[in-house]
1. Return the only residue of 74, 79 being within 11 Å of the ligand (Cβ to nearest atom), assigned to a helix (DSSP H, G or I) and among the polar types (S, T, N, Q).
2. Can you tell me which of (1) part of a helix (DSSP H, G or I); (2) open to solvent by 10 Å² or more (accessible area, probe 1.4 Å); (3) more than 30 Å from residue 177 (Cβ to Cβ); (4) of a type in the set (A, V, I, L, M, F, W, C) is the one residue 40 doesn't meet?
3. Would you be able to tell me the number of residues in the stretch 251-270 that are out of contact with any strand residue (DSSP E or B) (no Cβ under 7 Å at 6 or more places or on another chain), in contact (Cβ under 8 Å) with a residue 60 or more places away in the chain and aliphatic (A, V, I, L, M)?
4. So, in the stretch 110-133, how many residues would count as being open to solvent by 50 Å² or more (accessible area, probe 1.4 Å), of a type outside the set (S, T, N, Q) and farther than 19 Å from residue 91 by Cβ?
5. Out of everything in the stretch 174-198 that is touching a Gly at 6+ places or on another chain (Cβ under 7 Å) and more than 20 Å from residue 302 (Cα to Cα), what residue ends up being farthest from the ligand (Cβ to nearest atom)?
6. With the requirement that a residue be basic (Lys, Arg), more than 30 Å from residue 167 (Cβ to Cβ) and outside any loop (DSSP other than H, G, I, E, B), what does the stretch 302-344 give you?
7. Residue under question is residue 130, and the condition is that it be free of Cβ contacts under 8 Å to residues at least 60 places away in the same chain and assigned to a helix (DSSP H, G or I); does it hold?
8. Does residue 72 qualify as being open to solvent by less than 10 Å² (accessible area, probe 1.4 Å), in contact with a Lys or Arg (Cβ under 6 Å, 6 or more places away or on another chain), at pLDDT 95 or above and within 13 Å of residue 149 (Cα to Cα)?
Amino acid sequence: MDRNKGVYNNLLELVGQTPMVQLNRITEGFPGRYFAKLEMFNPGHSAKDRIALHIVESAEKKGILKPGSTIVETTSGNTGFSLAMIAMVKGYQCKLAVSDKSSVDKIDGLRAMGAEVYVCPANVPADDPRSYYEVAKRIHKETPNSVYINQYFNELNIEAHYETTGPEIWKQTEGKITHLVVASGTGGTISGSAQYLKEQNPNIKILGVDAMGSVLKKFHETGEFDENEIKPYKIEGLGKNLIPTATDFSVIDVYEKVSDKDAAYKAREIIRKEGIFPGYTCGAVMQATQQYAEKGFFDANSVVVVVFPDHGSRYMNKIYSDVWMKEQGFYDSELPQNKPANYV
Ligand code: PMP
């Protein structure tokens, strides 16, 4: 079969090589040029396909994963979906401990993709036996022939993006990139891409995106883990209540924090200005880009790449639901409104 003709041996050959598209209207008034790397074009609809495939295939090479083995992971949803998809293609079991902050769509998606899902409380300390970290560890211990992916503390998470996302961005911008704006959760995307890009050109600025209620920005600035920073928030996959070793803080220049409300509004604005149907963290990344622009980070020569991690279809009952937005107190006259349905 010939890949050049668009024919693939299996779905997993479609992971990576995602398109980049120029942003034309949402960035109006910002100096420079802006391009979005559309990770929702991966077959599992998020950037997590990259790390899931890389970690699974590394375990296969080491002989840890064998036919009939079980893949175990903690996940806000996207990594789980990617792992469940890979498990189906390759014939493994998949057991996932997810946070109860994950949208119902995401949990149902994991179940539809054949995974066994354990829903755990989000607002407990990481070492609580009910936390998704502890639940995954217990499942791994109790399940023979299982592999624990451990994305927050697995250096292969960074390596996946160092080997794929970074080089793709360099090639797609023909080496002209000046700034990269990336959401930081495990930190794999930002760290791996940044390591590669800074090797090519150390002047490229790496601009991180963190959530209000997360510890990452403060840790980056002070080297201290400040528990007082931790507050409940709604954006899934962004920020953290612990310090992941899958984040290389040394290659990140600066962090900007965004609010749940601003990120949700911005996601709806992306649709209206660009026609892209973005996930919640795409809104966060775009909001942070605006905040960076307002602080004077960019000039007329800037070539800014923003990474859009996943697809809006996973948030129909969240940021795209007016009912949910009202429940959060996020519904005011400035919210880009959905038109009412006309029943004929
Ligand atoms: N956005 C979404 C929707 C995610 O699921 C994640 C992963 N937690 C991220 C952004 C952040 O990516 P990373 O884990 O590579 O920092």
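The values are calculated or read from the model by the stated rules, or taken from the named source; none is laboratory data. A quick note: this is a predicted structure, and the numbers were derived from the prediction, not measured. All Cβ positions, even for glycine, are placed from backbone atoms using ideal geometry, and neighbour counts span all protein chains on display. Quick note on the areas: whole protein, heavy atoms, side chains included, nothing else; ligands and nucleic acids left out. Shrake-Rupley method; radii C 1.70, N 1.55, O 1.52, S 1.80 Å.
1. Details: 74 fails: assigned to a helix (DSSP H, G or I).
Only one candidate passes the filter, namely 79.
2. It fails just one condition, (3).
3. Number satisfying all stated conditions: 1.
4. 6
5. 192
6. Residue satisfying the conditions is 326 alone.
7. Against the criterion (free of Cβ contacts under 8 Å to residues at least 60 places away in the same chain and assigned to a helix (DSSP H, G or I)), residue 130 does not qualify.
8. When the stated conditions are applied, residue 72 passes them.
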